[in-house]
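Just below is one structure, and these are the notes that go with it.
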């Protein structure tokens, strides 16, 4: 029975509703929240950096200013399984 339960549990990066942090090699940390899975949000951040979408992405803007590409390599989840309001409140607290 326990084996079946473990098989149905999602990895944290695939769970919806998360607050996360992404450190930069310059020492700054980006705190974000998403209603989707962290795995998907990380892909979006990478795409924004690659396409230099500095108008819509703080991470893309920062990497362009610093001339680096290090965000996303060591991202970590702070909290998962949150609702929209909970995400924004927890994100604010962590910032």
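Among the candidates 68, 49, 59, the residue that is more than 14 Å from residue 15 (Cβ to Cβ), in contact (Cβ under 8 Å) with a residue 40 or more places away in the chain and either over 11 Å from the mean Cα position of the chain (by Cα) or not in a strand (DSSP E or B) (or both) is uniquely 68. Residue 83 passes every criterion in (1) under 13 Å from residue 18 (Cβ atoms); (2) exposed (fewer than 12 other Cβ atoms within 10 Å of the Cβ); (3) without any contact (Cβ under 8 Å) to a residue 12 or more places away in the chain apart from (3).
Just so you know, all these numbers are worked out from the coordinates, no wet-lab data involved. Just so we're clear, the structure is a prediction, and the values are computed from it rather than from any experiment. Note that each Cβ is placed from the backbone with ideal geometry, even for glycine, and that neighbours are counted across all protein chains shown.
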